[in-house]
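Data first, discussion second: the structure below is written as structure tokens.
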Amino acid sequence: MGASLVAAVAVRARFGIWLGRPMTSFHLIIAVAALLTTLGLIMVLSASGVQSYSDDGSPWVIFGWQVLWTLVGLVAFYVALRTPVWLMRRTAFTAFACSVVLLVLVLIPGVGTIANGSRGWFVIAGLSMQPSELTKIAFLVWGANLLASRRMDRASLREMLVPLVPGAVLAMGLILAEPDLGQTVSMGIILLSLLWFAGLPLRVFASSLAAVVAVMAALAVTEGYRSDRVRSWLDPGADPQDAGYQARQAKFALANGGFFGNGLGQGTAKYNYLPHAHNDFIFAIVGEELGFLGAAGLLLLFGLFAYTGMRIARRSVDPFLRLLAATTTMWVLSQVFINVGYVVGLLPVTGLQLPLISSGGTSAATTLLMIGIMANAARHEPEAVAALRAGQGDRMNRLLRLPLPAPYSPTRAEALRDRLRSRPQPRRAPRRAERQPPRAARSRTGATAARRAGHHGGGQRRAGPRRPRRGRAPALEGPRYG
């Protein structure tokens, strides 16, 4: 008993020491991304073979495209890992403007391609690309730069909301015109996460959240196929062969897997029983083939991703990187929650994919790009910067041939704004009505006050410091990072 307790204490102490190392966040985010990407490729190969053979005569086509997009995503990951922070901030608005132009172009008949009822794809040489995925990343980076440049804890409410909210409304309107409610919901989550982590007051944030939920609920019941999904979610047995068929088959697949699963590749739902088994409903295939243990392990991996993302946000001193890491973490977790929620029947079907696991080329590439930015933020933690610049070599950094990170210093605009706001304001001249009366009047008033004080036995008032006037309440409540 004593020996086991001592061993447990020793293991806990070593684990605490490892967590305190400068490069732990960097190693964690890379390890989690590698595990999720590998597991995603394995499950796409297992879930897509039947449909790929039925459509193209080969079980490798869908998997091959997923591998190609994963390679594109790894290149984007490496580029994001090497990109200087100042360059990301300088090109943020240009990237967002270009992504909005792409959203306009994809709506033009003959330019954009319709897939699954949505004109939201570019197809070039057989390679399809969804511009709304790029818009989400561009908006996230631009929003983080905008809020960080206005020094979150001193910005007014108008500075917080303009032009961030109008830009988000424009992008969401264009995405909704495709129509793609799932991507619109994802954009709304990114906007709310930016405002939450930047310190928007709870009253304003709650009203904004209520407005977004009300708009999404109204959109969900106005379109025919969306209202059918909501009705099948509220009453799964009402139309089990049409609107509720997909959700019903997903539950059957999860139940068929049991606790340990049927074995990798041994599932039956993918044999045309469950539509889009390799895409939107791949979590059902995970549960059927790997069982409850495999599904729980996958969710634990996403939980470790959440811990790592918030750790990076909490340990960063650059407000831009803090906002970027925290909002990216919330964006990925929200997609996981929505996808798993509608697979198990807790939410209506929206079409949002499971990040890095579902078959979706643009989604996998953009997610890897954002994880690359998070890894870049992990290298810019103060302890990591000090260790790397002091010559304490890291094997992963040497292997990837990464440049030394630069320590954080406020930009010129931020420093100038801070100096202007910290400069003491000149005292305002008293109004005419508040000016002191003439000397004779003051002497009469003083004598009268003295007689009244002596008559009533009160004496003079106690002299003391004047109570300061209450200033205006701050527009923000401070950043929130975990």
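The values are calculated or read from the model by the stated rules, or taken from the named source; none is laboratory data. Remember, it's a predicted structure, so these values are computed and weren't measured experimentally. All Cβ positions, glycine included, derive from the backbone under ideal geometry; neighbour counts span all protein chains shown. Ligands, DNA and RNA are excluded from the accessible area calculation, which covers all protein heavy atoms including side chains. Shrake-Rupley method; radii C 1.70, N 1.55, O 1.52, S 1.80 Å.
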### Task
Using a 1.4 angstrom probe on heavy atoms only, work out the carbon and sulfur share of the accessible area of segment 127-213 in %.
70
### Query
R0 = 41 Å: FRET efficiency of residue 176 with residue 5, Cβ-based, nearest 0.05?
0.10
### Summary
Simple spin-label estimate for residue 79/residue 123, 7 Å along Cα→Cβ, in nm, reads 2.5
### Message
Can you pull out the chymotrypsin sites (Phe, Trp or Tyr not before Pro) in segment 15-109 whose DSSP state is coil and whose Cβ has at most 14 other Cβ atoms within 10 Å?
### Response
60
#### Entry: Radius 14 Å from Cβ of residue 138, net charge of other residues (Lys, Arg +1; Asp, Glu -1)
+2
### Summary
Rounded to the nearest 0.05, FRET efficiency between residue 399 and residue 235 (Cβ-Cβ, R0 56 Å) equals 0.55
### Task
Using amide H atoms built 1.01 Å from N in the peptide plane, name the residues 5+ places from residue 120, or on other chains, whose amide H lies under 5 Å from its own.
113, 115
### FRET efficiency for residue 161 and residue 217, using Cβ-Cβ distance with R0 set to 25 Å, rounded to 0.05
0.65
### Task
Calculate, for segment 303-345, the solvent-accessible area per residue in square angstrom, rolling a 1.4 angstrom probe over the heavy atoms of the protein chains.
25
### Under Karplus coefficients 6.51, -1.76 and 1.60, residue-wise ³J(HN,Hα) of segment 326-332 in Hz, glycine/proline x
5, 5, 4, 4, 5, 4, 5
#### Entry: Accessible area (Å², per residue) of segment 143-301, counting only protein heavy atoms and a probe of 1.4 Å
45
### Query
With contacts defined as alpha carbon pairs under 8 Å and 6 or more residues apart, what's the relative contact order of segment 265-419 in percent?
20
### Query
If you wrap a convex hull around the C-alpha atoms of segment 159-229 and split its volume per residue, what is the figure in Å³?
78
### Query
Using a simple charge model, +1 on the beta-carbon of Lys and Arg, -1 on the beta-carbon of Asp and Glu, nothing else, what dipole does segment 55-163 show about its Cα centre, in debye to the nearest 20?
660
### Message
Can you give me the % of accessible surface on segment 1-56 that is carbon or sulfur? Probe 1.4 Å, all protein chains present, nothing else counted.
### Response
70
### Label-point separation in nm, residue 18 to residue 204, each point 7 Å along Cα→Cβ
4.3
